[in-house]
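Notes for the one structure printed next.
The values are calculated or read from the model by the stated rules, or taken from the named source; none is laboratory data. Keep in mind the model is a prediction, meaning the values are calculated, not measured. Ideal geometry is used to build each Cβ from the backbone, glycine not excepted, and the neighbour counts take in all protein chains shown.
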Amino acid sequence: MSKQLDNDISVSGQINEAMIRQLAEQGIKTIINNRPDAEEGGQPGNAALQSVAESLGVKWVYLPLIAGQKPDPVLAQNYRKAIDEMPKPVHVFCRTGRRSEMIHQAAQNLTLQRPTPKSFDVVIVGAGTAGISVATSLLKRDASLDIVLIDPSPTHDYQAAWTLVGAGEYMQTATRKPMAELIPKGVKWIAKAVTGFLPVENKVALEDGSTVGYDQLVVCPGLKLNWAAIEGLPEALGKNGVTSNYRYDLAPYTWELVQKIRGGRALFTQPAMPIKCAGAPQKAMYLSCSNWEEKGVLNNIDVEMYNAGGVVFGVPTFVPPLMEYIKRYNAKLNFMHDLVKVDGPSKTATFEVTAADGSKTVVERKFDMIHVVPPQVAPDFVANSPLANSAGWVDVDQHTMQHVKFANVFSLGDAGSMPNAKTTAAIRKQAPIVANNIVRMRKGMKPLAEYDGYGACPLTVEKGKVVLAEFSYGGKLAPTFPLNPAVPRRLNWMLKKHVFPALYWFGALKGHEWLTKCATQADKAKA
C-alpha cells in the first residue's frame, strides 16, 4: 500500500513487475529505488525492475540505502536533484518504505537549511602532511589564491616519530600540535568532515549538509586504519600485551611492554600492501630487539615476524642488511601469514596462511606481546565516490597526480592511486608537483611537472643506527647523499631522530621545498 509524501511523491514498500505496470497506468512518471539488491532471497533485482519501467516509458533512479544506516548529505542531495529534475509524479520505495521516507525527510531538511553556498579557487580535503604542504606550495606560487583546507581534526600529528615513541626514544607529546597553529596564513580552514564528492558540479559535500564549490580540488585525507578488519582487535588494543605504533595513544604502551618483558614470545605483524611506511612494522621489531639485546634478555624471548606478503622488503638492495639484523636478533620470519583474529584475554593470535598452491589454513600462536599493524584502505567517503578506482583510491595519473577523468581534481599522499610507498618523504616531493600543475592549469596550460615515485624509509635497525632506504618507481635507488644506502649509519639515526622532525614542522609545513625540483618530460629527455 502506498501513501503520499506530498502532492507529487508517493512511497511504498517493495514493488514488483506487476506493480510497476499498475503505477504506470496510474500516471507515475518516475520511480526511485532506495533498496540495495540482494537484501533477502526472492527480492526482485534493480536491473530487472528498471527494464520493465523503462519499457513502459517510466524513468528510473537507483539511490540505495543500506538497512540500519542513516541517509548522508550526498544521498539526500542526489535524491533532491532527482525529485527536482525528473518528470512527476514520482514514486519511491524500499523494503517497507521507511528508508525512503527517511531519505525524503533528509532532502527536505537540506532544503529548509539552505546553507550559504561557498566557493574557492582551490579546495583541499585533508589537513595532514599532504594538505598543509600543498597549500603552502600553492601560496608560494600564487599568493592571491583563495584556498580552503577541510579537516575536522583539532590536532595534527607527526606520525613518522611514533616508531621512536614506541622505543622510548621520543616524547609522545612532541608529535602532536593544535591544527589551528599549523594552518598557513591566508588559508581558510573548515573544521568539518567531508561526506562525499560531486565532481560534475565541482562541489564537496560536508557533514552538515552544506557544499563547498571549487575551481580545483586536491584530495589528500590520508587513509583508513581498518582495525575492525581483524576480529577482536579493537577491543584488545592497549591491554593484555596488544599494541601498535600506528596510533598516537598506543605507541607509549609499546615502550611499556618492551621494558616489562624479560622472557616469552613477542609477535610482530604486517598486513598486505599498501600501508603507511612499509618498513614501520619491522622497525618496531628491530628497536624492541635492540633494547632486549642491550638489557641481556633477548635470548629469553622468541621473536616472530608474521608478514601477509612474501618478502622482507620490496626493494631488493635493502634485503641483505635487514636479513643480517634478523639473524642477529634470532627473529623467525613467517611469510604469507595474515592476522585475522586477536584474543586479548587468552593472548592468542590467529593467522590465515596461504600456501604456494593458493590453499589456506589457519594457525594460532600464543603471545606475551604482539605489535599489530592493521590493514589499510581508502577512507569510505573516497572509496565510495566517483573519484575512486576499483581499489578505492583516488584515480590519478601516477606522474602528474591529475585525476584521469576530472581534469581539475588532483590527489597526493596516502589516498592517491600512485603505486609509490606511502611515506612522509613521498609527500615532500609530491606537494610542489601538484602545486605547480594546478597553477599551470589556472593559467590555461597543461600540467608538466611529474612525480617519479620517490619515497624514503629510515629503517631503524637498532638503537643508534638507521638504513636510509630511498627509492623511486620500480624500486630504483634514489639516494640523497653520496653514500652506500644499504649501510646502517649513526648519521642516519641523527637525521631520523633530530633533523627530520625539525624539517617537517619548520620546513615542509612552512612551504620550504628543499631538494624537491619539479621534473618534466623535457627535463628527463635532456638527462
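In the range 22-51, what count of residues is obtained for those that are buried (at least 18 other Cβ atoms within 10 Å of the Cβ), touching a Pro at 6+ places or on another chain (Cβ under 9 Å) and not in a strand (DSSP E or B)?
Summing the residues that are buried (at least 18 other Cβ atoms within 10 Å of the Cβ), touching a Pro at 6+ places or on another chain (Cβ under 9 Å) and not in a strand (DSSP E or B) in the range 22-51 gives 3.
Those residues that are surrounded by fewer than 18 Cβ atoms within 10 Å (Cβ to Cβ) and assigned to a helix (DSSP H, G or I), I need them from the range 283-299; list them, please.
If the condition is that a residue be surrounded by fewer than 18 Cβ atoms within 10 Å (Cβ to Cβ) and assigned to a helix (DSSP H, G or I), then GLU293, GLU294, LYS295, ASN299 are the ones that fit.
Being buried (at least 18 other Cβ atoms within 10 Å of the Cβ), outside the structural domain of GLU207 (by TED's automatic domain parsing) and either within 30 Å of PRO64 (Cα to Cα) or over 23 Å from the mean Cα position of the chain (by Cα) (or both) is the requirement here; does ARG328 meet it? Walk me through how you get there before you give the answer.
Working: buried (at least 18 other Cβ atoms within 10 Å of the Cβ): no; outside the structural domain of GLU207 (by TED's automatic domain parsing): yes; either within 30 Å of PRO64 (Cα to Cα) or over 23 Å from the mean Cα position of the chain (by Cα) (or both): yes.
Judged against the criteria, ARG328 is not a match.
Of the residues LEU223, LEU267, which single one is over 30 Å from SER385 (Cα atoms) and touching a residue at least 60 places away in the same chain (Cβ under 8 Å)?
LEU267
Of all residues in the range 226-274 being among the aliphatic types (A, V, I, L, M) and surrounded by fewer than 18 Cβ atoms within 10 Å (Cβ to Cβ), which is farthest from GLU364 (Cα to Cα)? Even if it seems obvious, please write down each step before you answer.
Of the range 226-274, the ones among the aliphatic types (A, V, I, L, M) are 228-230, 233, 236-237, 242, 250-251, 257-258, 261, 266-267, 272-273.
Those still in the list that are surrounded by fewer than 18 Cβ atoms within 10 Å (Cβ to Cβ) too: 228-229, 272-273.
Numbers: ALA228: 19, ALA229: 17, ALA272: 19, MET273: 22 Å.
Selected residue: MET273.
Any residue that is modelled with pLDDT of 95 or more, in contact with a strand residue (DSSP E or B) (Cβ under 9 Å, 6 or more places away or on another chain) and basic (Lys, Arg) - is there at least one of those in the range 397-411? So that I can check it myself, show each step before the final result.
Restricting attention to the range 397-411, the residues satisfying the condition of being modelled with pLDDT of 95 or more are 397-411.
Imposing the further condition that a residue be in contact with a strand residue (DSSP E or B) (Cβ under 9 Å, 6 or more places away or on another chain) reduces the set to 397-404, 406, 408-411.
Those still in the list that are basic (Lys, Arg) too: none.
Within the range 397-411, not a single residue is modelled with pLDDT of 95 or more, in contact with a strand residue (DSSP E or B) (Cβ under 9 Å, 6 or more places away or on another chain) and basic (Lys, Arg).
Being in the same structural domain as LEU138 (by TED's automatic domain parsing), in contact with a Phe, Trp or Tyr (Cβ under 8 Å, 6 or more places away or on another chain) and either more than 22 Å from VAL340 (Cβ to Cβ) or not acidic (Asp, Glu) (or both) narrows it down to one of VAL258, VAL219, so name that one.
On the way: VAL258 fails: in the same structural domain as LEU138 (by TED's automatic domain parsing).
The match here is VAL219.
Output the strands (runs of 3 or more DSSP E) that fall wholly within the range 372-484 and possess 1 or more residues being crowded, with 22+ Cβ neighbours inside 10 Å and in contact with a Lys or Arg (Cβ under 8 Å, 6 or more places away or on another chain), or say none.
Values: elements: 409-411, 455-462, 465-472.
The qualifying strands (runs of 3 or more DSSP E) are 455-462, 465-472.
State yes or no: is GLU513 within 23 Å of SER133 (Cα to Cα), at pLDDT below 95 and under 24 Å from the mean Cα position of the chain (by Cα)?
no
Give MET1, MET19 a once-over and let me know the one that is assigned to a helix (DSSP H, G or I), more than 42 Å from the chain's Cα centre (by Cα) and free of Cβ contacts under 8 Å to residues at least 40 places away in the same chain.
Details: MET1 fails: assigned to a helix (DSSP H, G or I).
Only one candidate passes the filter, namely MET19.
So GLN26 ticks every box in (1) free of Cβ contacts under 8 Å to residues at least 12 places away in the same chain; (2) touching a Lys or Arg at 6+ places or on another chain (Cβ under 9 Å) but one. Which box is left unticked?
Going through the list (1) free of Cβ contacts under 8 Å to residues at least 12 places away in the same chain; (2) touching a Lys or Arg at 6+ places or on another chain (Cβ under 9 Å), GLN26 breaks only (2).
List the helices (runs of 4 or more DSSP H) that sit entirely inside the range 168-275 and contain at least 3 residues that are touching a Cys at 6+ places or on another chain (Cβ under 9 Å) and aromatic (Phe, Trp, Tyr).
Working: elements: 179-182, 233-236, 251-260.
Fully inside the range 168-275 and qualifying: nothing.
Mind counting the residues in the range 300-335 that are outside any helix (DSSP H, G or I) and touching a Gly at 6+ places or on another chain (Cβ under 8 Å)?
Going through the range 300-335, the residues outside any helix (DSSP H, G or I) turn out to be 301-315, 329-335.
If we keep only those that are touching a Gly at 6+ places or on another chain (Cβ under 8 Å) too, we end up with 301-302, 313-315, 335.
Qualifying residue count for the region: 6.
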